[in-house]
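Structure first, then comments.
The values are calculated or read from the model by the stated rules, or taken from the named source; none is laboratory data. Keep in mind the model is a prediction, meaning the values are calculated, not measured. Neighbour counts are summed over all protein chains in view; Cβ atoms, including those assigned to glycine, are modelled from backbone coordinates with ideal geometry.
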Amino acid sequence: MLPTSSSQFTPEVGAGDGMTGDRRIDQARTDAAMRDPSELKKPPNPPRCVPPDDVELPGDDHLFFVGDVDGLLDEVEEFLTGTHQAPEGDVVTTSILFTDIVSSTEQSARMGHRKWTTLTDSHNAMVRATLVRHRGLEIKTLGDGFLATFDATTRAVRAALEIVAAAKNMDLEVRAGVHIGEVEVRPDDVVGLAVSIAKRVCDLAGPGQVFVSEAVKGLLVGSGIPTSDHGTRVLKGVPDRWRLFAVDG
């Protein structure tokens, strides 16, 4: 026998209505309140926990503390926080070279933009060719200077001497600084206190000079590269005092 009143027949909430999830729940509470206002006094249903997508990690290990533990922890971290922490770069010991064109702003104003641009383009090409010859790795340009790294300290110093001498033949005064220390290698940069020290060493060099730290000086013994002591200096933003040496090329 078919029902004859709406009180005897209640359609299933969400059946064919195009609604899903919490909207169906809200609609069901509204419909119930229309039939019985006391339903509004009831607390709403707690939010449902949507299970995460299944993630299958490579390997045949079944214990969470063996195998690719880092991969497992990355997935747990993403589930809990919604993001992955950026991985740390490799830390290596390397020789760091900074170069800088002295008084570049004044020279640019004196020569004019077009002539200065042509000259600096030639300078940049010369520096890059020198880095290749001495197996240096260009990291980036900074204003009118370069940051590069080398796997051998003597090559870094010889490259610095060659760059300074070649720039002088182009009527440019360039200074350079070399330091060795640990850096964190990132996809397109190197960072760390050693990089800051190398930059400060370069900043203290005069026009046409190459300055090196005491750590570099010790590695030049037996290389035939002469140096002269320039005393201890304070490097801006760097703890302690640092003994610097000029390379007499």
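Brief remarks follow.
- Scanning the range 98-110 for residues that are loosely packed, with under 15 Cβ neighbours inside 10 Å and either of a type in the set (A, V, I, L, M) or not assigned by TED's automatic domain parsing to the domain that holds residue 147 (or both) gives a single hit, 109.
- The set of residues in the range 153-179 being surrounded by 15 or more Cβ atoms within 10 Å (Cβ to Cβ) and in a loop (DSSP other than H, G, I, E, B) consists of 172, 173.
- Residue 249 vs. criteria surrounded by fewer than 20 Cβ atoms within 10 Å (Cβ to Cβ) and without any contact (Cβ under 8 Å) to a residue 60 or more places away in the chain: no
- Residue match in the range 122-132 (condition: of a type in the set (A, V, I, L, M, F, W, C), over 21 Å from residue 168 (Cβ atoms) and either outside the structural domain of residue 221 (by TED's automatic domain parsing) or surrounded by fewer than 20 Cβ atoms within 10 Å (Cβ to Cβ) (or both)): no
- Failed item, numbered, when residue 203 is tested on (1) more than 22 Å from residue 123 (Cα to Cα); (2) among the acidic types (Asp, Glu); (3) part of a helix (DSSP H, G or I): (1)
- Residue in the range 216-238 that is part of a strand (DSSP E or B) and within 20 Å of residue 146 (Cβ to Cβ) present: no
- Test result for residue 240, over 16 Å from residue 134 (Cβ atoms) and free of Cβ contacts under 8 Å to residues at least 12 places away in the same chain: yes
- Among the conditions (1) over 27 Å from the mean Cα position of the chain (by Cα); (2) among the charged types (D, E, K, R); (3) modelled with pLDDT of 95 or more, residue 182 misses just one, which is (1).
- Test result for residue 186, buried (at least 20 other Cβ atoms within 10 Å of the Cβ) and among the basic types (Lys, Arg): no
- Of note, residue 158 does not satisfy the criterion of being in the same structural domain as residue 198 (by TED's automatic domain parsing) and without any contact (Cβ under 8 Å) to a residue 40 or more places away in the chain.
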